[in-house]
1. Would you please give the FRET efficiency between B:GLU17 and A:ARG44, computed as 1/(1 + (r/R0)^6) with r the Cβ-Cβ distance and R0 = 22 Å, to the nearest 0.05?
2. Top mean-square fluctuation among B:ALA80, B:ALA167, B:ALA328, Gaussian network model of chain B, C-alpha springs under 10 Å?
3. Between the helical axis of B:99-110 and the dominant principal axis of chain B, each derived from Cα atoms, what acute angle in degrees is found, rounded to the nearest 10?
4. Which of B:LYS114/B:LYS302; B:LYS114/B:LYS146; A:LYS218/B:LYS118 have a Cα-Cα distance over 32 Å?
5. What percent of all Cα-Cα pairs in the range B:31-114 falls in each 10 Å bin, counting up from 0?
6. How high is the relative contact order of chain B, given as a whole-number percent (alpha carbon pairs under 8 Å, six or more residues apart)?
7. Can you list the lysines whose alpha carbon sits under 19 Å from that of B:LYS267, skipping same-chain ones fewer than 8 residues off?
8. List the DSSP H helices in chain A whose Cα atoms stretch 30 Å or more along the helix axis and whose mean Kyte-Doolittle hydropathy is at least 0.5.
Amino acid sequence: MFNPMIWRLIWQATGETLYMVGVAVVLAELVGLPLGIILVTTERGHILESPALNRVLATVINIGRSVPFIILMVAIIPFTRKVVGTSIGTTAAMVPLTVAAIPFVARLVETALKEVDGGVVEAALAIGASPFQIIWKVLIPEALPSLVLGLTITAVNLIGYSAMAGAVGGGGLGDLAVRYGYQRFRTDIMLLTVIILIVLVQAMQMLGDWAANRMSKK
Amino acid sequence: MIEIRHLTKIYTDGQRETRALDDVSLKVEPGEIFGIIGLSGAGKSTLVRCINMLERPQEGTVLVNGIDMTALDNRELRAARQRIGMIFQHFNLLSSRTVFGNVAFPLEITGVPKGETKERVLELLHLVGLEDKASSYPAQLSGGQKQRVGIARALANRPQVLLCDEATSALDPETTTAVLDLLQDINRKMGLTILLITHEMPVIQQVCDRVAVIENGQIVEHGPVLEVFTAPKTGEARRLVRGVIEIDIPEDLLQRHSNNGDSILLKISFIGASAGKPIMADLMQRYPVLVNILFGRIDHIKDTPFGTLVVELSGKSAALNEATEYLARQDLQVEVLRDV
Ligand SMILES: Nc1ncnc2c1ncn2[C@@H]1O[C@H](COP(=O)(O)OP(=O)(O)OP(=O)(O)O)[C@@H](O)[C@H]1O
Ligand SMILES: [Mg+2]
């Protein structure tokens with residue numbers, strides 16, 4: 001159906017998408033996880049109660065979440081250039097993807113940690129655990145299945161965003177779909193990229209569900 | 001062991017203020033099982049939570065083993081908490097850890113080496129009878145088993161004091177008895193001081209040495225369990241005791257025996273040793289009276305038998321008086337329910 005060159009292109013684009021999403025997920029978790037933890041633990045009555053910090057952080061995160069990705073992508077071009085030296089290509093696309101995912105991750109982490117039974121935290125306090133120990137030994141392990149599901153949602157969302165980033169020169173499957181499928185009227189290539197995206201999303205969701213399920217001891 | 005002085009805790013919820021504890025003073029002696037009983041909302045949980053500063057009181061001091069808990073900084077407080085065990089109504093186990101992992105948790109917190117931890121955890125699981133459940137997760141356990149894990153976890157760091165907040169309230173009566181037996185066993189073996197909060201009088205009756213009755217954030221009555229049970233002074237204590245050991249004599253019984261001219265109705269309570277004496281036989285030998293037993297039961301308060309008897313004595317009025325006086329001279333509590 002396709003000549004080898006097209007296959008190679010598809011193969012390469014799939015790799016780029018996974019690379020973009022993979023790196024962005026890791027970076028976003030790296031920043032978003034601590035933010036989510038701070039968001040929960042600085043709440044009133046929690047282990048690191050600090051209403052002022054909590055309010056500021058919540059506001060910043062909400063602002064971050066309300067900017068549409070397309071606008072964010074364009075708006076932070078100067079920042080992107082500063083960080084990776086260029087504003088086009090796969091590596092450049094990772095910057096807005098990461099920035100967009102951070103507040104998203106923070107909120108998902110917050111939701112996951114809030115599901116942890118307050119009684120368990122109380123028991124840890126009564127035992128004499130420090131806030132740090134409670135975060136590492138109680139909150140995160142207890143919320144792990146939910147955190148993994150949140151990670152899955154983030155990855156799935158970023159696949160969608162990455163296609164958007166591709167459309168403005170970021171490489172990956174979205175880029176391929178636009179250049180070949182749309183601009184050169186190769187509906188078959190367009191279709192194939194969509195199928196690959198569907199398969200990727202399905203696979204990730206299944207993997208995430210499976211992992212979360214295995215971790216849950218409830 | 002625990003000394004609470006003039007403790008006051010006020011919760012502020014917007015405009016509304018709740019005086020959950022109002023000038024509470026209390027002393028728990030080393031090695032005893034002390035119970036605090038009160039209805040829902042009386043302030044029981046607030047009181048235990050103020051002991052390890054899970055809740056900060058506005059006024060008053062709490063001394064645990066001589067240490068003023070209200071004066072500690074965060075680091076000192078954590079160290080002090082490691083020496084105070086606590087168990088909860090809903091167990092509060094870590095669902096992501098096995099039974100072993102849960103009991104090992106406090107040892108991890110205090111930094112006990114791995115090998116020593118393993119030894120200690122197995123020892124504790126043996127103590128609570130859960131050796132075979134070491135690798136189970138809390139979700140796979142029954143309520144009673146979960147509380148046993150909670151107890152093992154609370155004892156891990158060899159505390160001097162164990163705080164129990166409604167530790168048996170989520171359990172059925174049989175499991176409650178088993179858990180209480182375990183607590184009593186631990187109290188005897190290790191000399192652990194136990195402060196136990198409950199709204200169930202039978203819990204107090206089964207294990208406590210002394211009890212305090214709390215109502216609207218105030219201790220209204222306290223003393224040895226036997227005393228509070230047999231001679232409650234306040235309305236609140238009477239209300240709590242009623243139905244557990246205090247008997248309500250059926251109305252028809254009183255009615256049926258109300259028209260015999262030469263008889264009286266007595267309620268006789270006997271505690272401990274006197275429960276074993278053949279007092280009624282004695283009575284009939286000494287005085288020309290007939291004894292008709294209408295009602296009788298023996299309860300136990302911790303290990304002390306406590307009996308109640310309702311009898312009808314019939315005979316000449318002089319003999320009845322002498323007999324009643326004789327009974328009163330014995331180690332008995334005699335209450336005349338109906339006179340001649
Ligand atoms: N965090 C809180 N904020 C506001 N009010 C509270 C709080 N905790 C308890 N209270 C109030 O303080 C009073 C005492 O509550 P506490 O939980 O100590 O009662 P309790 O005797 O343990 O009751 P129960 O048997 O239902 O557990 C109640 O009126 C309760 O509504
Ligand atoms: Mg309570």
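1. Details: r = 17 Å, r/R0 = 0.79.
After rounding, the FRET efficiency stands at 0.80.
2. Fluctuation is largest for B:ALA328.
3. 70
4. On the way: B:LYS114/B:LYS302 40 Å; B:LYS114/B:LYS146 24 Å; A:LYS218/B:LYS118 24 Å.
Over 32 Å apart, Cα to Cα: B:LYS114/B:LYS302.
5. 14, 39, 35, 12, 0
6. Numbers: 625 pairs, mean separation 60.6, N = 340.
RCO, chain B: 18 percent.
7. Cross-link targets: B:LYS233, B:LYS277.
8. Details: long enough: A:4-41 (54 Å, 1.42); A:90-114 (35 Å, 1.21); A:140-165 (35 Å, 1.33); A:187-215 (42 Å, 1.31).
Counting only whole DSSP H runs, the qualifying helices are A:4-41, A:90-114, A:140-165, A:187-215.
The numbers here are math on the coordinates, done by the rules we state, and not lab data. Because the structure is predicted, anything quoted here is derived from the model rather than measured. Ideal geometry is used to build each Cβ from the backbone, glycine not excepted, and the neighbour counts take in all protein chains shown.
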